[in-house]
Amino acid sequence: MNKYKILSLFLAIALLAAQARIFMGDKAQEVSTSEAVFQNILTRSSIREYTAEPVSRTTLDSLCRAAMAAPTAKDQRPWKFVVIDDKAVLQELASALPYAQALKTAPAAIAICGDPTLMNEDHRPTEWWVEDCSAATQNILLAAHSLGLGAVWLGVYPAKTLVASVSNTLKLPSNLKPLSVVALGHPKGTAQPKDKYAKDNIRYNVGDFPNAQAEEEEESTEGGGF
Ligand SMILES: Cc1cc2nc3c(=O)[nH]c(=O)nc-3n(C[C@H](O)[C@H](O)[C@H](O)COP(=O)(O)O)c2cc1C
């Protein structure tokens, strides 16, 4: 083998090794990204107490960006987001929502609102705004957790009195309904995420859910049967 052949062989091996490294690097990156996403989902938990540290408007804007990345029926995007970082308004909201004690220490919150007056092709009001705004709410919770922030979903819709008090406090236009308020802040203390996985909640294809048989038998003996 002359020296040119040896050099070509060496270059070919080096090229292959470099390509393999690039390929393996991408794969490794993919695996760690999916692990990180799963970890973020599985370790999220509702946080209801926060330190006094503020949440920057840049971060709050990023959370709204995450919200607007949610899936939305017919791509209608029927949402509007009211970002609240004024302590006085947060306290007013805390008084308006009986189960929203989290707002007492939260330095910020986002009200996720939907527009049910948007029309479908058949000119009927859209009914998907609830699902769309729920998906947006969950995106905010997950994005906040990924940034090390604590957050909790405070339910508003469909409780009529809560919808009225939040609309009134935030001076919402009449076409908008608040679905939820997410309280946000830097967590005070640590929280243990709940493991809610239950195999019995899963069924593949057609058939009974696991344990459904046992539950039916229990019911029939309780009721005396026919
Ligand atoms: C529709 C909805 C409404 C909720 N409303 C409230 C609320 O008003 N106040 C509150 O403290 N938590 C509220 N939560 C948070 C739940 O209590 C919490 O998600 C549940 O206990 C499970 O705990 P985890 O989020 O830590 O997994 C609400 C959650 C959902 C999905």
Test: residue in segment 118-126 that is within 16 Å of the ligand (Cβ to nearest atom) and either part of a helix (DSSP H, G or I) or more than 18 Å from CYS64 (Cβ to Cβ) (or both):
no
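The rows are residues; the columns are (1) surrounded by 10 or more Cβ atoms within 10 Å (Cβ to Cβ); (2) within 11 Å of the ligand (Cβ to nearest atom); (3) without any contact (Cβ under 8 Å) to a residue 12 or more places away in the chain.
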{"site": "HIS145", "(1), (2), (3)": "yes, yes, no"}
{"site": "LEU149", "(1), (2), (3)": "yes, no, no"}
{"site": "VAL156", "(1), (2), (3)": "yes, yes, no"}
{"site": "LYS160", "(1), (2), (3)": "no, no, yes"}
{"site": "THR169", "(1), (2), (3)": "yes, no, no"}
{"site": "SER174", "(1), (2), (3)": "no, no, yes"}
{"site": "SER180", "(1), (2), (3)": "yes, yes, no"}
{"site": "ALA191", "(1), (2), (3)": "yes, yes, no"}
{"site": "TYR197", "(1), (2), (3)": "no, no, yes"}
Checking SER46 against (1) of a type in the set (Ser, Thr, Tyr); (2) touching a Lys or Arg at 6+ places or on another chain (Cβ under 6 Å); (3) surrounded by fewer than 16 Cβ atoms within 10 Å (Cβ to Cβ); (4) under 17 Å from VAL181 (Cα atoms), which single condition isn't satisfied?
(2)
Among the residues of segment 97-117, the number that are assigned to a loop (DSSP other than H, G, I, E, B), away from the ligand (no atom under 12 Å from the Cβ) and either of a type in the set (Phe, Trp, Tyr) or touching a residue at least 60 places away in the same chain (Cβ under 8 Å) (or both) is 4
Does LEU154 satisfy being among the aliphatic types (A, V, I, L, M), in the same structural domain as LYS104 (by TED's automatic domain parsing) and assigned to a strand (DSSP E or B)?
yes
In segment 67-100, anything within 24 Å of ALA52 (Cα to Cα) and among the hydrophobic types (A, V, I, L, M, F, W, C) is listed as PHE81, VAL82, VAL83, ILE84, ALA88, VAL89, LEU90, LEU93, ALA94, ALA96, LEU97, ALA100
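Residues are listed down the side, and each one gets a yes or a no for (1) touching a residue at least 12 places away in the same chain (Cβ under 8 Å); (2) outside any helix (DSSP H, G or I); (3) within 14 Å of the chain's Cα centre (by Cα):
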residue: LEU42; (1), (2), (3): yes, no, yes
residue: ALA52; (1), (2), (3): yes, yes, no
residue: ALA66; (1), (2), (3): yes, no, yes
residue: PRO71; (1), (2), (3): yes, yes, yes
residue: ALA88; (1), (2), (3): no, no, no
residue: SER95; (1), (2), (3): no, no, no
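The values are calculated or read from the model by the stated rules, or taken from the named source; none is laboratory data. In this text the structure is predicted, and so the values were computed from the model without any measurement. Methodologically, a virtual Cβ is constructed for each residue, glycine included, from the backbone with ideal geometry; neighbour enumeration extends over all protein chains shown.
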